[in-house]
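Shown next, in structure tokens, is the structure this report addresses.
Read the figures in this text as sums done on the coordinates, not as results from a lab. All figures in this text were calculated on a predicted structure; none of them were measured in a lab. All Cβ positions, even for glycine, are placed from backbone atoms using ideal geometry, and neighbour counts span all protein chains on display.
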Amino acid sequence: MPDGYPWILVGYFNLMRSLDNRNRPGGDINEMFMFNEAISALGLVELPLTGRKYTRTNKQNPPLLERLDWFFTSVDWTILYPDSSVSTLSMETSDHVPCIVSISTNIPKGGTFRFENYLMEHDQFLNVVQHA
């Protein structure tokens, strides 16, 4: 992945990161290990998921629930948008939970400058404007 650019990587990876990403026993531990190694080697930063723990169901009774959808960013992204997160919505037709990525920052913005007409009446107004 290119350094120096903020980017986000989202999608259905069809891989779990841990045994907790499934509501019942199962899963390939070797695949989990390789997936986590790739994430680490690429320097990916996982965005936190809020709402539901799992993002996919097989829609059977009892359901198999899994977390297979993942959201990663670059370090540059997390510096620019440190308050980014992912939240889940209601699942209606798909076997995957729709998610919304919220891109946010807490970096303060400067105040708004307002020009007041009375400033033109100040004796140094023209001098200040010419030198600015």
- line: The simple spin-label model distance between Asp83 and Lys53, using points 7 Å out along Cα→Cβ, in nm, is 2.8
- request: Decide, for region 69-111, between rounded, prolate and oblate: order the square roots of the alpha carbon gyration tensor eigenvalues as a ≥ b ≥ c, take rounded if a/c falls under 1.5, and otherwise choose prolate if a/b is larger than b/c, else oblate.
  value: oblate
- prompt: Could you list log10 I(q)/I(0) for the chain at q = 0.09, 0.19, 0.21, 0.22 Å⁻¹, which the Debye formula gives when each Cα is one point scatterer?
  reply: -0.43, -1.12, -1.26, -1.32
5 Å binning of all Cα-Cα separations within region 88-132, expressed as whole percents from 0 upward: 5, 13, 11, 11, 7, 6, 7, 7, 6, 5, 5, 7, 6, 4, 0
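In what order do Asp83, Asp3 fall by count of nearby beta-carbon atoms within 10 Å, going from fewest to most? Before the final figure, lay out each step's value.
Numbers: Asp83 11, Asp3 8.
Ranked by crowding around the Cβ, least crowded first: Asp3, Asp83.
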field: Interchain or long-range residues, amide H under 5 Å from Arg52's placed H
entry: Thr88
Phi to ³J(HN,Hα) by Karplus 6.51 cos²θ - 1.76 cosθ + 1.60 over region 8-19, Hz, x for Gly, Pro: 10, 10, 10, x, 8, 8, 6, 9, 9, 9, 7, 5
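Please give the contour-minus-distance gain from Met34 to Ile100: 0.36 nm per residue of separation, less the Cα-Cα distance, rounded to one decimal in nm.
Working: separation 66, 0.36 × 66 = 23.76 nm, distance 2.70 nm.
Contour length minus the Cα-Cα distance gives 21.1 nm.
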query: Angle between the Cα long axis of helix 29-41 and the longest principal axis of the chain, 0 to 90 degrees, nearest 10?
result: 20
query: What list of ³J(HN,Hα) couplings, whole Hz, do you get for region 48-65 from phi and the Karplus terms 6.51, -1.76, 1.60, once you set θ to phi - 60° and write x for glycine and proline?
result: x, 9, 10, x, 9, 7, 10, 10, 9, 9, 8, 6, 10, 10, x, x, 8, 10
task: Mind listing the long-range amide H neighbours of Val97? Cut-off is under 5 Å, sequence gap 5 or more, other chains count too, H placed in the peptide plane at 1.01 Å from N.
output: Arg56
